[in-house]
Structure formats: C-alpha cells, structure tokens
Amino acid sequence: MPGISARGLSHEGRRQLAVNLTRVLALYRSILDAYIIEFFTDNLWDTLPCSWQEALDGLNPPQLATMLLGMPGEGEVVRYRSVWPLTLLALKSTACALAFTRTPGFQTTSEFLENPSQSSRLTAPFRKHVRPKKQHEIRRLGEGHLSRFMALGLGLMVKSIEGDQRLVERAQRLDQELLQALEKEEKRNPQVVQTSPRHSPHHVVRWVDPTALCEELLLPLENPCQGRARLLLTGLHACGDLSVALLRHFCCPEVVALASVGCCYMKLSDPGGYPLSQWVAGLPGYELPYRLREGACHALEEYAERLQKAGPGLRTHCYRAALETVIRRARPELRRPGVQGIPRVHELKIEEYVQRGLQRVGLDPQLPLNLAALQAHQAQENRVVAFFSLALLLAPLVETLILLDRLLYLQEQGFHAELLPIFSPELSPRNLVLVATKMPLGQALSILETEDS
C-alpha cells in the first residue's frame, strides 16, 4: 500500500502531517469508533452516506480488496463497475496519501522460498522454537529470541528485561539449548567457529515503569574501557507503554541509540502513553480513544489477502454481529460481551453459532430464535465486510499519528529520529521501526563504520 515516507519530511512537514491527520480522523470518527459486532444493533450500514452505500453494496470480497483497499490480486487491473462518489474516492486517496508507507525497500520473496517455515537467512539453531514471523523480524532487526540472536549470533553484550519470572527461566533454558546446538555445529564444521567469545543474554526480572527511569536497565554488563558505557535500547514489538518507557529512557546519558518497534497501541496509558509531544497535545481532535487505538493494530495486508481468497472465514464478523442482536434481546444491559473463540465457525449454520455463542456468555442456548431475522442478517454478510474494510482503510492513519507523535516528542527533546519500514508487512504488520540517535544519523553511522574498521 503506498504512503508517505517519514524520512522525506522536515520537522515542519511532520507537524503539518499531524494537523492533517487529526482533521481527517475527526471527519471519519464515526466509522473508526464503531464496533463491527454492533453492525445490526446500531444499524451501522445506514450511518454511511447513501451514495457510499450504493457504491459498496453488492461488492464481493475480492472487489473490496481491489477497489476499496487498493490491493489488487497479482496481475489484476482495477475496474470500477460504476462511478464512485467523489467523497468516497477522496477518502481512499487521503488514507493512502497520509499514512506512513509500510513497504520496505527490500525484497523478501526468496527468504521462505525453499521452506515456508524456515528463513534462509537464519541457521538451523537460531530457527528452533521460532515462528516464521519472528525469524523474519529478528534477522531484520538484529525479547527472548531477539536478545538471543543479538548475543549468540552477533556477539553483542545484551541485557534482556522481562517482568515474568517464568518467561525468564524459559528464556535461560533456550539460551543453554542454543549454546549446546552451536557447539555441536562447530564440532561438525570447524570452519564456522566464531572467533569472538560467546555471551548468553543477561536476563533481568523487572517491570519497567513508563513514568520513571529504571536504573537496572541502564547498568552496563561490563566496565567500559574508556568513559561512559554506550547503550542501545531495542524493543521488538514493545507492547503498549513499554515503547513509551524506551523513549523516556533515551534521555539518559548512557543511551546513545534507540531502535523500537511498537505494538498493542490500545494498551497505552490514557493519559500518559499518548500524546507524548507538545505539538500533538495542542491540536484540536488529537484524542485517540481505546477503540481507535485497537483498530490501528489490525493487519491490513493480511485482511486484503483474505478478501482476495473470499474464504468462508470472512463471515465471522457477520455471525458475531447477529449474535449480539440475540444477546441484547435477552439481556439488554449486556453489551459486547467477550465470546471465546468458537472452532470452525465457517462450517456452522448461523443458528448453531448463535446457540454456542449464547452458552459462551452464560445465557440459555435453547432460547427461542427468530430464524428469519438471523437469515436476513446473514444475507448482509458482504455489507458487514465492506464496513469493516472501511474501518481498516482508515486504521493506518491512527497508527501514523501515534508514531508521528513519538517522532515529534524525540525531536522536541533535541534528538534525531526517523521511522523506517523494516519488515515485510505481509509477515509482520507492525513493521515500522523508530530509530533515534543523539547526533545526526549519518554522523552516527560514520562513527560506527570507523570503529568496525
């Protein structure tokens, strides 16, 4: 999906982008605020302009992927079956023009060409216990798996902070397992022996407070030869406020660089986690409530692929929205209850799904059902998919504003920051890495190259 590059924007350009984003998000707040499970209870389809309804009604999933999301199938030519209203075309163009590009400047097709579950860029010991998505991420960015690769694969001194003792113990077991595998490999292939000593990651059990500095995080693993220790803070999909904590720790003199990929924006403290910059906080309409931040975490490329395949799994939202009507009729005060995953939804008749769903939320599964009403809801499946696609089209704008706020915050502190798409979005939807240094990035890279030589 095309977009705008953060690297091509001046500081004033980034400020103006924030202004534009808040204005656009305010215009379409009703779509972003909506819960798709309330499609029928809140009559969401009729909240759209009539001209939009006419343009979108009847489109099948592949047509929505191609015409609305702008993600046609391979070799497919975009052809509109009717003249779309200018307001809908403007929304589509604006969503593409104002979102940070998620297309990295590299090709990844060959990485999993031979085996879809094994990255060709990692040796077998580093692939063990690691899903393909994470294999791609740690090789590109290089926490358990990331710190292990940086320490045992790249020979760096690494400190890993984790709040759960059980996860730390498991990480230590995996460290030892990997060390043994590497030693066996070196015995079989002496030519691949690593010349520098290997150090397992140093694991620390500690919760990182996003509002206060953590001294344990900043203590060096070894005494620096000269002057202060120089630390790189790295977070691969640092959840919620952990991304904010990394940004605040960046002000410490020991830290010279930051590389952070965030996720789970809905878990940001409100207030505290957003906004961080004075500029965004001063804009009218800057607020991003939970629903908007949660929507920004959806995988747009993955959903477009599902639309192109037009599989029966797309009906899940429609079924869940129909279930909500039954729940509200039985218990009007019970709204949007969590329904644990129901296996093989696409194989169930809608009434079977509703019965299982009622049981999951503690209601009588034998409640009398209006089958005609349920079937009428099911007949609107493509409308449900179309409305959800509209929300997904806007979701990257929310993510862009959150990440732009972080860029502006660092710049307000006098630091140099860029935002780069580093992963393949098809493999890793949260693929924008925030990179920051305390000197111009070009100068920092020159220093590193000089030291390496």
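Here are the numbers for this structure:
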quantity	calculated
Where GluC sites (Glu not before Pro) fall in DSSP loop in the stretch 292-368, at most 14 other Cβ within 10 Å	E333
Loop-located trypsin sites (Lys or Arg not before Pro) in the stretch 223-316, at most 14 other Cβ atoms within 10 Å (DSSP)	R228, R230
Percent accessible area from carbon and sulfur atoms, the stretch 1-86, protein chains only, probe 1.4 Å	52
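The values are calculated or read from the model by the stated rules, or taken from the named source; none is laboratory data. None of the values given here were measured: they were computed from a predicted structure. Because the Cβ atoms are built from the backbone with ideal geometry, glycine has one as well, and the counts that use them run over all protein chains shown. Calculation scope for accessible area: heavy atoms of the full protein, side chains included, ligands and nucleic acids excluded. Shrake-Rupley method; radii C 1.70, N 1.55, O 1.52, S 1.80 Å.
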